[in-house]
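What follows is a single structure, written as structure tokens, with notes after it.
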Amino acid sequence: MLVLVLDSSTPAVTAALAEITADAVAPRGERSVVDARAHGELLAPQVSELLAEAGARPADLAAVVAGVGPGPFTGLRVGLVTAASMGQTLGIPTYGVPSLDAIGHAATHPRSGAAAAESGPVLVATDARRREIYWAVYDLAGQRLAGPEVDTPAAVAERARELGVRVAVGEGARRYADILGLPPGAGPLYPPPYALAELAAERVRAGAPGDQLTPLYLRRPDAVAAAGRKPVLQ
């Protein structure tokens, strides 16, 4: 089954194709560009390029897998709207995967001979802007122990100590390593599409009902509607 994988929860605008068989997930192509201001401009062309390279048509897709965040409002909704629109147009299921889970999965189930985390719980952190990070903690099997939440790096550092975290991965972990007091691990900075596909694979194989792709914002968007008009004379 050919599956399209999308993630726009971080500055990395990512699209990929994966072949899901009875016992494996095989990458068929990937596009990923780090540009926090170009999610809308980059994602659709990436999908078209991937399908053309694979010699496939949209009708060949069996499902769409999308990272549901947490992430900033504007970028995250680009990927989710794209995934939902394609699913509805093609009549195929869409499956959501928390984007932090994908990084945690990659850190504890690496590919290509990379070393897995092996010294205790792993903190996954991505940049939430406003000097905050989105975070979650995973055990060595990739199971989430805490989160996802959004906090200051100092608050996360205290929580990580309570949970016995020994290593941190993700863009936020690297950016705030001095505050977190944790060595940056060998895991990815951004959600890898192969990990998103692997985390959704059982649902794809089973033909499970699709998800509504509810975004994990964790806080209100920066831009909000005005509460009301103020009197001109005041």
Out of (1) modelled with pLDDT under 95; (2) under 22 Å from VAL34 (Cα atoms), the odd one out for ARG166 is which?
(2)
Within region 37-80, how many residues turn out to be closer than 30 Å to ARG130 by Cβ, open to solvent by less than 30 Å² (accessible area, probe 1.4 Å), not in a helix (DSSP H, G or I) and not β-branched (Val, Ile, Thr)?
7
Given (1) touching a strand residue (DSSP E or B) at 6+ places or on another chain (Cβ under 7 Å); (2) farther than 16 Å from MET86 by Cα, identify the lone condition not met by ARG37.
(1)
Within region 155-174, residues open to solvent by less than 60 Å² (accessible area, probe 1.4 Å) and either more than 18 Å from GLY142 (Cα to Cα) or assigned to a helix (DSSP H, G or I) (or both) come out as ALA155, VAL156, ALA157, ALA160, GLU171, GLY172, ALA173
So SER9 ticks every box in (1) open to solvent by 30 Å² or more (accessible area, probe 1.4 Å); (2) modelled with pLDDT of 95 or more; (3) closer than 26 Å to ARG219 by Cβ but one. Which box is left unticked?
(1)
Between a residue in region 187-208 that is in a helix (DSSP H, G or I) and at pLDDT 95 or above and any residue that is of a type in the set (Gly, Ala, Ser) and open to solvent by less than 10 Å² (accessible area, probe 1.4 Å), which pairs come within a Cβ distance under 6 Å, given they are 6 or more apart or on different chains?
PRO193/ALA16; ALA195/ALA102; ALA195/ALA106; LEU196/GLY67; LEU196/ALA102; ALA197/ALA18; VAL204/ALA63
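The values are calculated or read from the model by the stated rules, or taken from the named source; none is laboratory data. Small disclaimer: the values here were computed from a predicted structure and weren't measured. All Cβ positions, glycine included, derive from the backbone under ideal geometry; neighbour counts span all protein chains shown. The area values use the complete protein model at the heavy-atom level, side chains included, leaving out ligands, DNA and RNA. Shrake-Rupley method; radii C 1.70, N 1.55, O 1.52, S 1.80 Å.
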